[in-house]
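Here is the structure we will look at, set down as structure tokens.
Coordinate-derived values only; no laboratory data. The structure presented is a predicted model; accordingly, all values stated were derived computationally and were not measured. Cβ atoms come from the backbone with ideal geometry, glycine included; neighbour counts cover every protein chain shown.
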Amino acid sequence: MPYAFTEQGVAMLSGVLNSDKAIQVNISIMRTFLLIRNFALTKLKELERKYDKQFVDVFEAINYLIKKDNINKQHNTRVKIGFKTKE
């Protein structure tokens, strides 16, 4: 498996690295993630318009997953990982 950062991983890394160079690289990477996401959504919308009648179920499933992912991000339902401390 290749080693790669997710968008969230890059955001977390920015909290650790404080040099000017690291901040500029982080901003560039985050902008790249944004461009890739927008490109993918644009292509999805183009396909949806072109093949709407043939692939209604596929597009509904994809849109459901996108909405579900956005709802989960809003409610912060991810499982937290790390060390547990004794109180």
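A few points about this structure:
- Inter-label distance, nm, simple model (7 Å from Cα along the C-beta direction), SER14/ASP57: 4.1
- Calculated FRET efficiency, ILE66 to ALA22, Cβ-Cβ distance, R0 = 41 Å: about 0.85 to the nearest 0.05.
- Taking the Kirkwood radius as Rh and the Cα radius of gyration as Rg, the stretch 7-75 has a ratio of Rg/Rh equal to 1.15.
- Computed magnitude of the charge dipole of the stretch 7-75 (debye, nearest 20; Cβ of K, R +1, Cβ of D, E -1): 120
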